[in-house]
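Trainee: Sharing a structure below in structure tokens format, with a few things to ask.
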Amino acid sequence: MNEAPEQWIIDADIDSMQSAMESGRMTSVQLVQLYLDRIAKYDGPINAMLELNPDALAIAAELDREREETGCRGKLHGIPIVLKDNIDTHDRMHTSAGSLALADSIAPEDAFIAAKLRAAGAVLLGKTNMTEWANGMSESMWAGYSARGGLVLNPYGPWSVFVGGSSSGSAAAAAASFAAGAIGTETSGSIICPSSYNYVVGIKPTVGLVSRSGLIPLSLSQDTAGPIARTVKDAVILLGAMTGTDPCDEAMSATQGRAFSDYTPFLDAEWVRRARIGIPRYYCADADEAPLAILESAIEVLRGLGATIIDPVSLPCAGTEWNKNVTRYEFKRALGDYLARLDESVPVRSMKDIIEFNEKHAERELKYGQGGLLRSEETTGNLSDEQYVSGLNFNRKMSREQGIDYALREHQLDALLFLGHYGSDIAARAGYPLVTVPAGYADDGRMSSGGYVTDGPYGITFAGTAFSEPALIALAYGFEQATKHRFPPNLG
């Protein structure tokens, strides 16, 4: 470490942090303090952090003592990580999904993945802001807004650059170097979208690869947690620490023998030479000129690395209207089950209670309405209803047999390549994995149709079939190592 710690921490990766602690040049306490100081100095206009762990320094001190006396637990020993505010932690932090209704809620136990991260030696530094109820409250709500935390802004250009979906606080925190990495959750695009727009790496795992126990839910068939970090390797280190068999999550029954506790062996930059990658042009047809140029450049890089590019590929499901009743049914059912576990002091026990709570606190809670909650409440929440079952079967058939699996089989592909978050919806319905990696920075100053400036970072996203994380990781790593596009935001 030849530079001042305040500068070193901006680009430091997990390996270099671990090396500094092993050599005695840095302690976990010092590492935590560096991040706390950086959050205090720079988070004001970004608003990524919702809450800090008051015990973080004490936890770090205990891990430093353990390192001295018995040795290092592994790659995450003493490493500060932040979690999205819909991931339970049984400590002095709250878990609220950004809502006022749960602002004082202390989870009865750690989420499975939070417990796994603690066991690996990570310091859970704080909770990140998010789109309230993971964007399940209102379709008109701004991405990254919650009544409890306000609006998350992009560290690359807070007032003009889009921040992305509901894990926006986690992505912004990782991008701004407020922690070594972050954990987000995704239902449809909520890890991939903000990771892409905040110039960081995001991994949305196959549904069932990591446990959802202790996550405030939105969709039983689509929800998953996943890592967000500044490099592919750091994200992969976090992913390996999160896996493990959880009998309380039914989605994990299909994971037997398909998960790894260490994904770093798949960081093979040469694997791309053997890969066949398809470009589903339909899904970026409405993208603006600047990001499309970034996609074209990425395709040429991959071709230059030896990949076989099939361009374009067609998916029979293109243009499909997904059945939205599926998530509405699941949200009501799963949220009710989650709320039933909470302490009696929590003022809500059902979606109906949340709606009524919001009406009583309308000035703060109903800035964007609660149409999403109201539509979910209109369903029975009964997952044996024909309307729900037929909708789920339709979404899965179209996204898998007539979608991703069709394209992979038809063209003998290892992966599909999308611009940014454009493939999130089809992968969400299929429950399939995605990995996004920084690909370029647009600076043409044009406005998008959505009303935000198209200047800023963009990622490319690799998609595959169920449990294809090893191939997607190898592709993302090969592209990252060949390009090194990412640079930190200028926070002053």
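The values are calculated or read from the model by the stated rules, or taken from the named source; none is laboratory data. What you see is a predicted model, and the numbers here were worked out from it, not measured in a lab. Positions of Cβ are generated from backbone atoms using ideal geometry, with glycine treated the same way; all protein chains shown enter the neighbour counts.
Trainee: Can you tell which of Ala340, Ala290, Ala362, Ala334 is of a type in the set (Gly, Ala, Ser), crowded, with 17+ Cβ neighbours inside 10 Å and farther than 24 Å from Arg429 by Cβ?
Mentor: Details: Ala340 fails: crowded, with 17+ Cβ neighbours inside 10 Å; Ala362 fails: crowded, with 17+ Cβ neighbours inside 10 Å; Ala334 fails: farther than 24 Å from Arg429 by Cβ.
Going through Ala340, Ala290, Ala362, Ala334 in turn, the sole match is Ala290.
Trainee: Considering every residue within the range 468-475, establish whether at least one is in contact with a Gly (Cβ under 8 Å, 6 or more places away or on another chain), assigned to a strand (DSSP E or B) and at pLDDT 95 or above. Walk me through it before giving the result.
Mentor: Step one: of the range 468-475, the residues in contact with a Gly (Cβ under 8 Å, 6 or more places away or on another chain) are 471-472.
From the residues that got through so far, the ones that are assigned to a strand (DSSP E or B) too are none.
Taking every residue of the range 468-475 in turn, none turns out to be in contact with a Gly (Cβ under 8 Å, 6 or more places away or on another chain), assigned to a strand (DSSP E or B) and at pLDDT 95 or above.
Trainee: Considering only the range 13-25, state which residues are touching a residue at least 40 places away in the same chain (Cβ under 8 Å) and either more than 28 Å from the chain's Cα centre (by Cα) or crowded, with 16+ Cβ neighbours inside 10 Å (or both). Show your work before the answer.
Mentor: Residues of the range 13-25 that are touching a residue at least 40 places away in the same chain (Cβ under 8 Å), as a first pass: 13-15, 17-18, 21-22.
Correct list: Asp13, Ile14, Met17, Gln18, Met21, Glu22.
Trainee: Determine whether Ile294 is in contact with a Gly (Cβ under 8 Å, 6 or more places away or on another chain) and among the β-branched types (Val, Ile, Thr).
Mentor: On the way: in contact with a Gly (Cβ under 8 Å, 6 or more places away or on another chain): yes; among the β-branched types (Val, Ile, Thr): yes.
Judged against the criteria, Ile294 is a match.
Trainee: Go through the range 57-88 and give me each residue that's part of a helix (DSSP H, G or I) and of a type in the set (A, V, I, L, M).
Mentor: Of the residues in the range 57-88, the ones part of a helix (DSSP H, G or I) are 57-70.
Answer for the range 57-88, where residues must be part of a helix (DSSP H, G or I) and of a type in the set (A, V, I, L, M): Leu57, Ala58, Ile59, Ala60, Ala61, Leu63.
Trainee: A further question follows. Taking interchain pairs and intrachain pairs at least six residues apart, which have beta carbon atoms under 8 angstrom, with the first residue in the range 36-57 and under 21 Å from Gly184 (Cβ atoms) and the second in a helix (DSSP H, G or I) and hydroxyl-bearing (Ser, Thr, Tyr)?
Mentor: Ala48/Ser168; Ala48/Ser170
Trainee: Further question: Could you tell me which numbered condition Ile59 fails, if it satisfies all but one of (1) touching a strand residue (DSSP E or B) at 6+ places or on another chain (Cβ under 6 Å); (2) under 23 Å from Leu153 (Cα atoms)?
Mentor: (2)
Trainee: Before we move on, is Leu31 among the hydrophobic types (A, V, I, L, M, F, W, C), buried (at least 18 other Cβ atoms within 10 Å of the Cβ), outside any helix (DSSP H, G or I) and out of contact with any Cys (no Cβ under 8 Å at 6 or more places or on another chain)?
Mentor: Numbers: among the hydrophobic types (A, V, I, L, M, F, W, C): yes; buried (at least 18 other Cβ atoms within 10 Å of the Cβ): yes; outside any helix (DSSP H, G or I): no; out of contact with any Cys (no Cβ under 8 Å at 6 or more places or on another chain): yes.
The answer is no for Leu31.
Trainee: Taking the criterion of being farther than 25 Å from Arg274 by Cα, over 23 Å from the mean Cα position of the chain (by Cα) and of a type in the set (Asp, Glu), would at least one residue in the range 449-462 satisfy it?
Mentor: No, the range 449-462 contains no residue that is farther than 25 Å from Arg274 by Cα, over 23 Å from the mean Cα position of the chain (by Cα) and of a type in the set (Asp, Glu).
Trainee: Within the range 268-287, how many residues are among the aliphatic types (A, V, I, L, M), surrounded by fewer than 18 Cβ atoms within 10 Å (Cβ to Cβ) and in contact (Cβ under 8 Å) with a residue 40 or more places away in the chain?
Mentor: Quick first cut of the range 268-287, residues among the aliphatic types (A, V, I, L, M) only: 269, 272, 275, 277, 279, 285, 287.
From what's left, surrounded by fewer than 18 Cβ atoms within 10 Å (Cβ to Cβ): 269, 285.
Going one step further and asking which of them are in contact (Cβ under 8 Å) with a residue 40 or more places away in the chain, we end up with 269.
Number of matching residues: 1.
Trainee: So is Ala114 under 30 Å from Phe331 (Cα atoms), buried (at least 19 other Cβ atoms within 10 Å of the Cβ), assigned by TED's automatic domain parsing to the domain that holds Thr128 and touching a Phe, Trp or Tyr at 6+ places or on another chain (Cβ under 6 Å) or not? Show your work before the answer.
Mentor: Values: under 30 Å from Phe331 (Cα atoms): yes; buried (at least 19 other Cβ atoms within 10 Å of the Cβ): yes; assigned by TED's automatic domain parsing to the domain that holds Thr128: yes; touching a Phe, Trp or Tyr at 6+ places or on another chain (Cβ under 6 Å): no.
Spelling it out, it is not the case that Ala114 is under 30 Å from Phe331 (Cα atoms), buried (at least 19 other Cβ atoms within 10 Å of the Cβ), assigned by TED's automatic domain parsing to the domain that holds Thr128 and touching a Phe, Trp or Tyr at 6+ places or on another chain (Cβ under 6 Å).
Trainee: Can you list residue pairs whose Cβ atoms sit under 7 Å apart, with the first residue in the range 351-371 being without any contact (Cβ under 8 Å) to a residue 24 or more places away in the chain and the second being outside any helix (DSSP H, G or I) and surrounded by 14 or more Cβ atoms within 10 Å (Cβ to Cβ)? Count only pairs 6 or more apart in sequence or on different chains.
Mentor: These pairs meet every condition: Ile355/Gln370.
Trainee: Are any of the residues in the range 387-408 in contact with a helix residue (DSSP H, G or I) (Cβ under 7 Å, 6 or more places away or on another chain), in contact (Cβ under 8 Å) with a residue 40 or more places away in the chain and surrounded by fewer than 16 Cβ atoms within 10 Å (Cβ to Cβ)?
Mentor: Checked the range 387-408: at least one residue is in contact with a helix residue (DSSP H, G or I) (Cβ under 7 Å, 6 or more places away or on another chain), in contact (Cβ under 8 Å) with a residue 40 or more places away in the chain and surrounded by fewer than 16 Cβ atoms within 10 Å (Cβ to Cβ).
Trainee: What residue, of Ile192, Ile183, is in contact with a Ser or Thr (Cβ under 7 Å, 6 or more places away or on another chain) and under 24 Å from Ser376 (Cβ atoms)? Give the steps one after another, and end with the answer.
Mentor: On the way: Ile183 fails: under 24 Å from Ser376 (Cβ atoms).
The unique qualifying residue is Ile192.
Trainee: Next question, about the same structure. Among the residues of the range 95-113, is there at least one that is at negative phi and part of a helix (DSSP H, G or I)? Talk me through it step by step, then tell me what you get.
Mentor: Step one: list which residues in the range 95-113 are at negative phi, which gives 95-96, 99-113.
If we keep only those that are part of a helix (DSSP H, G or I) as well, we get 112-113.
Taking every residue of the range 95-113 in turn, at least one turns out to be at negative phi and part of a helix (DSSP H, G or I).
Trainee: Then there's this: Kindly evaluate Asp37 against the criterion of being assigned by TED's automatic domain parsing to the domain that holds Leu124, under 23 Å from Ala235 (Cα atoms), assigned to a helix (DSSP H, G or I) and modelled with pLDDT of 95 or more.
Mentor: Values: assigned by TED's automatic domain parsing to the domain that holds Leu124: yes; under 23 Å from Ala235 (Cα atoms): no; assigned to a helix (DSSP H, G or I): yes; modelled with pLDDT of 95 or more: yes.
No, not satisfied.
Trainee: Report, by residue number, each residue of the range 68-92 that is out of contact with any helix residue (DSSP H, G or I) (no Cβ under 7 Å at 6 or more places or on another chain), among the polar types (S, T, N, Q) and crowded, with 24+ Cβ neighbours inside 10 Å.
Mentor: Selection gives nothing.
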